[in-house]
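Below is one structure, written out as structure tokens; the observations come after it.
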2 protein chains.
Amino acid sequence: MSSNLTLERLVKKYDRQRVGLSIASLSRQVEHSFKEFMRRTLPFGTRKFQNVIFCGMGGSALGADFIRTVYEPWLPVPIHMVSDYHLPAFANKNSLVILCSYSGTTEEILSCFKEARLRRLPSVTITAGGALARMARRAYTPLFQFTPTYNPSGQPRIGTGYLMASFYIALRKTILTKGGFEHLSNVVTKIKPQASTAYAFAQKVFGKSLVIIGADFLRANAHIFSNQLNESAKTFAPFFLLPELDHHLLEGMGSLRSARRHWAIVFLDSGAYEPSIKKRVRSTRHVFERQGFATHRISFSGTRVQQAFSALSFGGFASYYLALLQHRDPSLIPWVDFLKKRLAH
Amino acid sequence: MSSNLTLERLVKKYDRQRVGLSIASLSRQVEHSFKEFMRRTLPFGTRKFQNVIFCGMGGSALGADFIRTVYEPWLPVPIHMVSDYHLPAFANKNSLVILCSYSGTTEEILSCFKEARLRRLPSVTITAGGALARMARRAYTPLFQFTPTYNPSGQPRIGTGYLMASFYIALRKTILTKGGFEHLSNVVTKIKPQASTAYAFAQKVFGKSLVIIGADFLRANAHIFSNQLNESAKTFAPFFLLPELDHHLLEGMGSLRSARRHWAIVFLDSGAYEPSIKKRVRSTRHVFERQGFATHRISFSGTRVQQAFSALSFGGFASYYLALLQHRDPSLIPWVDFLKKRLAH
């Protein structure tokens, strides 16, 4: 097929950091983390935590958000997400603080780490290195330092497998002890990479801005897809969740209607959604179409955790192909780099 | 001034439900709730709650989100927000469940109420009536049923004062007992309505779609402003938070750049932000301007709770004036009504 030939040429020319290989290595990233960390013990004894506080920014928060969402029916305590410089006031010795920065250099997370030390809170650090790894080692606090062999791209958002598996292992050793759920390492062997459906999708929405819609166990997928579209595909793609969006967003499309050809509404759908949500997917899609927007429905098969993994693979590949179709290197984030330089002054 | 004459005419012609009066009555709504509920006692004895679970959709969730955000430094336990049909798995007798539906007819919240009863969880219900009030009364569970005298528009999103004050009172009587913070009823008497600055702003951004950016104690304000712009002003206006957005959104503006004249980026700024956030506001704004977008910086004075209230008044009026400038009744939400009819089939 000629389109495949073109794609091969695009990959050769623009994917210099092997982002495609990183996306295809999701399962290997997870398995690698299990090999490295599953046998570790954590020094918290029989303490019962009342909440988990996860600190991470951007790509480094996505893996945890994914695990928190797909394992929600089995979580015995709330997981509070922090994307900021400070721990919440309620953090105390019954809180488990998990600090995650892929690079180990994120200033917000270094600040949270220092607060956790000052307040002597139980903590686990997840990172590939940097100042964060040094600080955790010096303070003798638990550290999951992974070697990102299977993320040749070096981009945190494409090393999600390492971050999610590390977070999952930390939860398994502290709060997620009851069972009854699919073990992450079992799920991951059953995932089919979604490269070809993602490529077909990318060709359809190429050049448009997107609205990403998810629900229930695909909520984090909507968030992750949105971030990947921003970063890899340079595509504006805010995400919204059902049933909440039905209570306000439909009116808001008014100011987009004159530009509606430049927009596509994408539903992450599932046969495993409960009937009330399925009905909302259908009806909400109908409203957007009556407003003149193009809509797309993406769905997957398998258990809920398998479906979420398939959606992850789909989103990774779709944003990757959208970058290639624009003749861009999907690994480059020039504006984020520009901002970092400016902030360093 | 001729523009004021025009405005008066627009109000007379399009504000048939007195939305403007409702927005100007924010303080009165709060005071009214204090009179009705501050002397109530709740039957939870000396129980120490480990978390609060708030259930509310759209406009009915905004008041709680506001209180949760501005009182964050004083919260002794996490507040988990549910905008869905189900309570989280971790809900137990040490959780305080707060169920809020302005109309008392929201199907998601009725579902959460039933789950709270089945699981015999401590709960407080906040509503103006409907099935929710009947169910709470029949089950002998605490009920704050307000009479929305000062919201003649009847729209939940413009009755925020009732919802936030009721939620605040419920927290004061359960978890927010330590003091050291500004009492809501004291703050509210010091708020200056932001009608004129909001009108000037509305004229500047009229016809555009918006990106709303907030941080720290104005995070909920960004969310509320976004929802009000959707519903009252029929304006697409997703919100993003600093420092998180710096980690991905800047690249995502790529697909909007060809339409950048149709977009405005609005920063809710504050002299009370910490230096690192102030620096990010400046630098992030600089990036958007280099990308060719128009940016606006809105800021307020007073304590942090006062500033958040001013921002609330500003957002309410700005979305109201944007509707009037479009020659629309700001109270009407035809697509939400259309969807509800379709879902009822």
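What the Cβ-Cβ distance of A:Asn186 and B:His327 gives, at R0 = 60 Å and to the nearest 0.05, is a FRET efficiency of 0.50. Please name whichever of B:Ala116, B:Ile333, A:Ile23 sits farthest to the positive end of the charge dipole of the protein assembly as shown, dipole taken about the Cα centre and charges placed at Cβ: Lys and Arg +1, Asp and Glu -1. After comparing all options, I get B:Ala116. Relative to the longest principal axis of the Cα atoms of chain B, the long axis of helix B:334-344 lies at roughly 40 degrees. Converting phi to 3J(HN,Hα) with the Karplus coefficients 6.51, -1.76 and 1.60 and the offset θ = phi - 60°, the stretch A:90-100 yields 6, 4, 8, 5, 8, 9, 9, 9, 10, 10, 9 Hz in sequence order, with x at every glycine or proline.
Contact order normalised by length for chain B, with contacts defined as Cα pairs under 8 Å and 6 or more residues apart; what percent is it? It rounds to 21 percent for chain B. Were the residues from B:Arg28 through B:Arg120 laid out at 0.36 nm apart, the gain over their Cα-Cα distance would be 29.6 nm. Charge dipole of the stretch B:18-188 (Cα centre as origin; +1 on each Lys and Arg Cβ, -1 on each Asp and Glu Cβ, all else neutral): 680 debye, rounded to the nearest 20. For the protein assembly as shown, a crude dipole built from +1 on the beta carbon of Lys and Arg and -1 on the beta carbon of Asp and Glu, taken about the Cα centre, is about 420 debye to the nearest 20. Sorted largest first, the principal axis extents computed over the alpha-carbon atoms of the stretch B:191-325 equal 38, 36, 20 Å.
For chain A, what % of the accessible area comes from carbon and sulfur atoms, probe 1.4 Å? Roughly 51 percent of what the probe reaches on chain A is carbon or sulfur.
Averaged over its residues, the protein assembly as shown has an accessible area of 39 Å² per residue, based on protein heavy atoms and a 1.4 Å probe.
Summarising the label geometry, the points placed 7 Å from Cα in the beta-carbon direction at B:Phe206 and A:Ala344 lie 4.6 nm from one another. Secondary-structure-derived ellipticity at 222 nm for chain A, considering helices only, amounts to -14000 deg cm²/dmol, per-run term -39500 (n - 2.57) for DSSP H runs with n ≥ 4. Taking label points 7 Å from Cα along the Cα-to-Cβ direction, A:Asp337 and A:Ser196 give a separation of 3.6 nm.
Residues considered: B:Ala311, B:Ala237, B:Ala259. Largest GNM mean-square fluctuation over chain B, using C-alpha springs under 10 Å, is found at B:Ala259. Put a dot 7 Å past the Cα of B:Arg9, heading toward its Cβ, do the same for A:Thr41, and the two dots end up 8.2 nm apart.
Taken over the stretch A:15-188, the ratio of Cα radius of gyration to 2.2 N^0.38 Å equals 0.97. Of A:Thr295, A:Thr177, A:Thr284, the residue with the greatest mean-square motion in the GNM of chain A, using alpha carbon springs below 10 Å, is A:Thr177. For the stretch A:191-325, a crude dipole built from +1 on the beta carbon of Lys and Arg and -1 on the beta carbon of Asp and Glu, taken about the Cα centre, is about 380 debye to the nearest 20. Here the stretch A:110-159 is described by how far its Cα atoms reach on the three principal axes: 37, 17, 16 Å, from widest to narrowest. Derived value for the protein assembly as shown: Kirkwood hydrodynamic radius 25.8 Å. Basis is the mean of 1/r over every pair of different alpha-carbon atoms. Under 18 Å from a label point set 7 Å out along the Cα-to-Cβ vector of A:His296, the amide N atoms of the stretch A:247-281 belong to A:260-270. Taking chain B as a Gaussian network of alpha-carbon nodes connected by springs under 10 Å, the highest mean-square fluctuation of the residues B:Thr174, B:Thr160, B:Thr189 belongs to B:Thr189.
Cβ screening of chain B for cysteine pairs under 4.7 Å finds these without a partner: B:Cys100.
For the cross-link pairs A:Lys340/B:Lys279; A:Lys234/B:Lys234; A:Lys208/A:Lys278, the ones whose C-alpha atoms lie over 19 Å apart are A:Lys234/B:Lys234; A:Lys208/A:Lys278. Between the beta carbons of A:Ser103 and A:Arg260, assuming R0 = 30 Å, the FRET efficiency works out to 0.15 to the nearest 0.05. Relative to the longest principal Cα axis of chain A, at what angle does helix A:160-172 sit, 0 to 90 degrees, rounded to 10? Taking Cα atoms only, the helix is inclined about 40 degrees. Each part gets one Cα centre, and for the stretch A:156-216 versus the stretch B:7-27 those centres are 47 Å apart.
Quick one: helix A:219-231 against the long Cα principal axis of chain A, what's the angle to the nearest 10°, folded into 0 to 90? For helix A:219-231, the angle is close to 70 degrees.
For the B and A pair, go ahead and give the buried accessible area with a 1.4 Å probe, both sides summed, in Å² to 100. Approximately 6100 Å², summed over both chains.
The values are calculated or read from the model by the stated rules, or taken from the named source; none is laboratory data. All values derive from a computational prediction rather than experimental measurement. A quick note on method: Cβ atoms are made from the backbone with ideal geometry, for glycine too, and the neighbour counts reach across all protein chains shown. Each accessible area value is taken on the protein alone, full model and side chains, heavy atoms only, with ligands, DNA and RNA left out. Shrake-Rupley method; radii C 1.70, N 1.55, O 1.52, S 1.80 Å.
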